[in-house]
Amino acid sequence: MFILSSSSSSLPSPLSLSSSRVSLSPPSSSFLNLLPLSPHFQPPNLACSCSVASRSTAELLHDFKHSAHTAASADETRNHLPHSRAFLDVRSEQELLSYIRREAEAGKLPANVAAGMEELYQNYKNAVLKSGNPKADEIVLSNMTVALDRILLDVEEPFVFSPHHKAVREPFDYYTFGQNYVRPLIDFENSFVGNPFLFKDIEEKLHQGHNVVLISNHQTEADPAIISLLLEKTSPYIAENMIYVAGDRVIVDPLCKPFSIGRNLICVYSKKHMFDIPELAETKRKANTRSLKEMALLLRGGSQLIWIAPSGGRDRLDPSSGEWSPAPFDASSMDNMRRLIQHSGVPGHLCPLALLCYDIMPPPSKVEIEIGEKRVISFNGVGLSLAPAISFEAIAATHRNPDEAREAYSEALFDSVAMQYNVLKAAIYGRQALRASTADVSLSQPWM
């Protein structure tokens, strides 16, 4: 789950793209600000085989349990290092919890990670049981043994993310693992997609070599999986290939990393955490510059679909109203992204996307400095809605002041997201279901 935002400074200038390299002036210390978490679009071959995405966790378990290899990383030798697979042999909750404790006592698991594993298991179990699925116990044990195995593997041999990370699909399919893990948490009977036909339009534009940036609010660490699950029936290519701009939290936290490995990401350090350790601030700035160059190169090649939340973080509960709503967008962040698209040399479109899923895994009430937040998990309906691209030129034509034009453009995108969000809210929490549709948002349930 992921986000791009910035300070009030504009996009570093000059930005020049040549056939051999991208040259960028160093961005300000706060140019990039991202949170959780995407895929690199291949040149337009839109034929998509979805057989892998439909495989169960049990099938994945069978594949890699009998494989001599573990997940790929930046260091290929990781595939040849020994890895304890006792989690894959557990047959009960008692065995699973006992193994966590034994690994912690043996010093193989840090105490805080072991505690997080137990908490994750209990919260996940409770959420899936509330779904009423008659196979809930089996699903919980199957999904959690694989999740804990992947977490333990990363503790033993930490995965290192590159600035542009491509989803790891073999020898272990981390994408399908993440889909299978989150799927039981979604109440599909009370979930909706707004304007699904617009996703088809996006796919056509990608086929034509255009870039598309989805300007979205951001609610949970599970946002990428939720988006993919809502689109996997009607737009599987988009579901599997979307690129998420990801902050450092989800590529560092041991409980998040296995899920992030299954997504294609542009990895950056969040502005909110840039100075958590002051002596590392300069290193983080340099890393963000590399990531910016990677993004510029991707956009220059065309056919890229990037998901960004320009609010600078996850939406938070408003204590005064007790309501969840999209966090305001940062206008300078919006302008930075627009200018990246403009300088790519290929047609580009910025489309407002609304996401409602906070109950699945709500964030802490405040931004935390320490890694390892408490994971509260629930079974609930979710929603996703897309609106047509908004033209900056059309808005700028009505404003003489460039700063006012930038603010107005950001407001227009945010207003569209907020409008769509309210329709989803009425459908899910207002129990209006498909009747909540409006002239601008046509709701559907393509999986029903």
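The values are calculated or read from the model by the stated rules, or taken from the named source; none is laboratory data. Predicted, not measured: the structure shown is a model, and the values here were computed from it. For neighbour counting, all protein chains shown are included, and Cβ atoms are generated from backbone atoms with ideal geometry for every residue, glycine included. When the accessible area is computed, the model is the full protein with side chains, heavy atoms only, and any ligands, DNA or RNA have been set aside. Shrake-Rupley method; radii C 1.70, N 1.55, O 1.52, S 1.80 Å.
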**OP:** Would you mind stating whether V146 is touching a Phe, Trp or Tyr at 6+ places or on another chain (Cβ under 7 Å), in a helix (DSSP H, G or I) and among the β-branched types (V, I, T)?
**Re:** yes
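One line per residue, one yes/no per condition, for (1) within 26 Å of P402 (Cβ to Cβ); (2) at pLDDT below 95:
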{"residue": "S311", "(1), (2)": "yes, yes"}
{"residue": "L317", "(1), (2)": "no, yes"}
{"residue": "M337", "(1), (2)": "yes, yes"}
{"residue": "S344", "(1), (2)": "yes, no"}
**OP:** Check H349 against each of (1) open to solvent by less than 50 Å² (accessible area, probe 1.4 Å); (2) closer than 13 Å to V212 by Cα; (3) out of contact with any helix residue (DSSP H, G or I) (no Cβ under 8 Å at 6 or more places or on another chain) and name the one condition it does not meet.
**Re:** (3)
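Residues checked against (1) on the phi < 0 side of the Ramachandran plot; (2) surrounded by fewer than 24 Cβ atoms within 10 Å (Cβ to Cβ); (3) not assigned by the TED database to the domain that holds P224:
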position	(1), (2), (3)
K284	yes, yes, no
W307	yes, no, no
G312	no, no, no
A331	yes, yes, no
**OP:** Name the residue, out of N112, N133, that is exposed (fewer than 15 other Cβ atoms within 10 Å of the Cβ) and touching a Pro at 6+ places or on another chain (Cβ under 7 Å).
**Re:** N133
Original post:
How many residues are at pLDDT below 95, open to solvent by 40 Å² or more (accessible area, probe 1.4 Å) and under 19 Å from F259 (Cβ atoms) when one looks only at region 360-403?
Top reply: 5
Original post:
Going through region 381-419 one residue at a time, which ones are outside any helix (DSSP H, G or I) and either of a type outside the set (A, V, I, L, M) or closer than 18 Å to W324 by Cα (or both)?
Top reply: G381, V382, G383, L384, S385, P388, S391, T398, H399, R400, N401
Subject >> Any pair with Cβ under 8 angstrom, 6 or more apart, that starts in region 374-403 at a residue that is farther than 30 Å from E118 by Cβ and ends at one that is open to solvent by less than 50 Å² (accessible area, probe 1.4 Å) and of a type in the set (D, E, K, R) >> reply: F392/R338
Original post:
What number of residues within region 136-175 are crowded, with 22+ Cβ neighbours inside 10 Å and touching a Cys at 6+ places or on another chain (Cβ under 8 Å)?
Top reply: 1
**OP:** Looking only at region 66-76, decide whether some residue is outside any loop (DSSP other than H, G, I, E, B), at pLDDT 50 or above and exposed (fewer than 13 other Cβ atoms within 10 Å of the Cβ).
**Re:** no
